[in-house]
1. Please find, within segment 717-754, the residue that is most open to solvent (accessible area, probe 1.4 Å) out of those that are hydrophobic (A, V, I, L, M, F, W, C) and either touching an Asp or Glu at 6+ places or on another chain (Cβ under 6 Å) or not in a helix (DSSP H, G or I) (or both).
2. Filter segment 653-679 down to residues that are without any contact (Cβ under 8 Å) to a residue 60 or more places away in the chain and polar (S, T, N, Q) and give me whichever is nearest to VAL716 (Cα to Cα).
3. When residues of segment 277-320 are filtered for being open to solvent by 40 Å² or more (accessible area, probe 1.4 Å) and modelled with pLDDT under 95, how many remain?
4. Suppose we keep only residues that are hydroxyl-bearing (Ser, Thr, Tyr) and in a strand (DSSP E or B) within segment 356-371. Which one would you say is least open to solvent (accessible area, probe 1.4 Å)?
5. In the list LEU883, LEU837, which residue meets the criterion of being buried (at least 18 other Cβ atoms within 10 Å of the Cβ), within 27 Å of VAL456 (Cα to Cα), free of Cβ contacts under 8 Å to residues at least 24 places away in the same chain and among the hydrophobic types (A, V, I, L, M, F, W, C)?
6. Among the helices (runs of 4 or more DSSP H) confined wholly to segment 491-558, which include 1 or more residues that are on the phi < 0 side of the Ramachandran plot, of a type in the set (A, V, I, L, M, F, W, C) and at pLDDT 85 or above?
7. Give segment 613-628 a look and list any residue that's modelled with pLDDT of 95 or more and either within 17 Å of ALA489 (Cβ to Cβ) or not in a strand (DSSP E or B) (or both), or say none.
8. Out of the residues in segment 767-793 that are open to solvent by 70 Å² or more (accessible area, probe 1.4 Å) and outside any helix (DSSP H, G or I), state the one that is modelled with the lowest pLDDT.
Amino acid sequence: VNTFNHQLLIFSLPRNMIENSMFEEEPDVVDLAKDSSTFPPFDPDEVGFEPRSSRLLVRGLGENDMDEDEEDCESSARLLGMSFMNRSSAHTSHSSPYIRHAPPRSCFRPSARTMAVSVLFLVIAASGTMVLYFLPGCTFTKMGCPKPNETSPIEPVYPVSTNGELFPWAQYRLPHSIQPLSYNLTLNPDLVTMTFTGQTTISMLVLHDTKVIVLHSSDLNISKEDVSDVTVLEYKPRDQIAIKFSKNLKAGQKCNLILEYSASLSNNYNGFYNSSYTDKDGIKRVLAATQFEPLSARKAFPCFDEPVFKAKFLIKISRQPNYITLSNMPKAQTTVLPNGLMQDEFEKTSVNMSTYLVAFVVAEFASITQNVSGTLVSVYSVTEKKNHTDYALATASKFLEFYNNYFEIKYPLEKLDLVAIPDFLAGAMENWGLITFRETSLLVGKQSSLLEKQVVASVIAHELAHQGNSFLAVRFRVLDKDALNSSHAVSTEVDTSEQVEEMFDSVSYEKGASILLMLCTSLLGEQQFRKGLIQYLKQYKGLNTNTEDLWNSLTQLSTQYWNVSEMMTSWTSQKGFPLVTMSRKGNQVTLTQEHFLLSSDGTTNASSLWNIPVTYVNDSCSLDPTCTQVFNFKTKSATFKVPENVKWLKLNYKNTGFYAVHYKDESWAALGEALSHNVSVLTQEDRASLIHNVFALSKFGRVSFLHVLNLLDYLVNETETSPVKEALLQLNTIYRLLDKRQEHGLVARMKDYMLRQFGPLINSQTWKEEERVSKQELRAALLETACRLDEESCTAQAKTMFVKYKESNGTFRIPGDLQQVVFNVAAQSSEHWTSLLEMYTHVPYDAEKRKMLLALASTPDVKHISWVLAAGLQGDIIQTQELPLVINRVSSGFAGYLFAWDFIQQNWDRLIQKFPVGSGAIQSIIKSVTSQFSTQSHLEQDFFSRLKDRGSQMRSVQEALETIRLNQRWMDTNLPTLKKWL
């Protein structure tokens, strides 16, 4: 049993030194406590509830053609993929940290001490780079900051700790009586027993007189010895521990808290967790890696695990000689320990960091490196996949230079590591200086297609450069999600760990990027937008900010004197988006706005109002961006005038605005007629947005489905990727709903309609290597649809290609964009499914391996379906990280969707042991198994309501129930029309 030590310095500093953080002296250490008895291990079923701080994520955008010097607004907006997660204000310096105060008015000018709350500025170039700013202050509301509570403070209700005493803290957020300055972490992982021991020394500054230090610890067995004047308590539901003293710690003192502990390496992808893989010789290899975002640093070391508590970190890790270790900073030295192990010590972090960005890896990895502008960029992987890292290194290096130039701020570290983890749940994680990836998100073979390389480039830079069509489709999907009543505002209160997890969704990320795109394209322009960002980053470097600071920086550079803050607050403070309805009489155009809410009872929030920069073009000039007009629309209705001879208007040019449009009177017909005569009269983005809009309006009840089908008539002449893919996605969704309802006659007629509508375009596709990425995307979408609908020539070609591939012994390669359709067709037969499974266990290319897995999960054979689901949960042949993907694919087929539904009901408790409640994985699983239900009997199943504290209150559950009701309503409304028309 390790010992618990608390060492405290009684050391006073002048106020000016405290406020300016000038703490260079080492503290005198006085041993105050020695004590014995052991903390029981935390119950993993009792999840600590912890709200998440707000943050502004500045993410990048990637593009396959790196040589073009294109810096458009879409790049910048996607680069700034924002997640505004609300964070409660810090306590003011003169208040007691142990009394529940009314929220402070952070709109007032804060004191110097309050402003010194720490910052995280992160430009992790070349990979999943982010700049993160955590936003203190009030929640965005239409009224602004909340007023202080003028009544007496509410007396806190203290919970009972594990030993029966009252726990001395009653809130989810930690008190602000202590500010950590630095952590000295020593970790000793044992990859045989899958356990680790550790010692954490936290150097702290006392901000307020207090007798208690409260911090986070989860699943750590902390050792202690009993002494009369010190008590250590724990409160498991919030992952909090408290160290109580008999005497006050005085404001201005510095102290060191030393905690020794032991724990098991996590087996559920968060905290300090164990991972494994099988090498080319069939030998199982093990490693340990970290995933701390959002609330799991506390599972690796006791800490103040909230983003506002930034500090510096010095990390030491022991290892076997055949392993390497990696951490955020470069390695400083290696020492041979008496037990024969090696201990690597890393340099102290050069900036203050939030705990969730700390990272370390212990593994048998190989690397390749390149020096870029004084920064050593490295890509790490398992040894046998080292030859799959070249593209990632080249791409990361280009993106690093792009970021340095774009922000006019040089990447501040000496090294940047990109690490491919064999068993990793997220796509990537932007740890400071050590970015971790799934193998499929980082590694590509030398023969990989451009489409596969673009996927990797997009993850590395999070779509850093000019993405075009990909981000357009992303905007469509987040509009679909944000139209539900179960959606949330970009800036939202969070109270529990599940709510924190659920904030990592498309509304937080992609909607944030979308409203920045709207701001850039409609108000500022690319150059002014960029200048505003650079000014903002430089002005607030080293500080925490609130959202107003960014908007104010952009407002100062607005050439049209727009109030950016007023506009953007209307988009971040309320959920959903507006429907703009246009009607025209002569030269007068009338606009009205309302909340576009797909609620089952048709109700909308009448008080919702947005400040909308409405862009529009007309028939005389509709393709050139310079033709665009902007109308500032911020009331319920407004009018403007156009020339009498204008035949039609198209609102929301290129769909860069985050709103839907309905055209009243003859305007829909005029647009449809224009497209039927000349497809190129509108940009492909505008054509795709019309398709998305008309399907959405059908669900909203504003247009009939016959109106939808009439607009789609123009598609026989469409050849561009964006509109075709959007139409295919919408029609395939309806096809699957009909299929699940067993509307066999309609399914057959829908199939005939789709093949007839897209037949000429499908028949024009070749099965040879295609060089252009956009054409690869289009071909893959068309042929996957054709083969799924059993179009004879498509399935025949796919079968022939698979047999050739199977019999070639590796000498014949299927083009990357055709692999999925070929494997899907092969998996429909039992013989080829078995062959595909054998290939899956040996194929060296991760992208190809994943396509095989998707095909294996698309089988109609119920025995194979059952095996795939069980194997995904087991994690031996199919990694458990892939289980959400497997469930999604199984659920899409008629044979598998009920199997998948039964599977998650039977295995729910095992699933939430693997994936945290509220996580993206759980959200994906729930959506996959329920999104194609459309009957009352499905609604009446009460599985989710029985979950109680195991997930019943998740937003994704409410979204699932709402989606089922909407599917049911759509079917009931449109089945007669479909039967008649088809």
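The values are calculated or read from the model by the stated rules, or taken from the named source; none is laboratory data. This structure is a prediction, so every number in the text was calculated from the model and none was measured. FYI the Cβ positions are ideal-geometry reconstructions off the backbone, even for glycines, and counts take in every protein chain you see. For the accessible areas, the whole protein counts, side chains as well, though only heavy atoms, and no ligand, DNA or RNA atoms are used. Shrake-Rupley method; radii C 1.70, N 1.55, O 1.52, S 1.80 Å.
1. My answer is VAL747.
2. Across segment 653-679, the extreme among qualifying residues is SER676.
3. 7
4. SER367
5. LEU837 is the lone residue from the list that is buried (at least 18 other Cβ atoms within 10 Å of the Cβ), within 27 Å of VAL456 (Cα to Cα), free of Cβ contacts under 8 Å to residues at least 24 places away in the same chain and among the hydrophobic types (A, V, I, L, M, F, W, C).
6. Helices (runs of 4 or more DSSP H) meeting the threshold: 512-519, 526-539, 547-555.
7. Selection gives nothing.
8. GLU771
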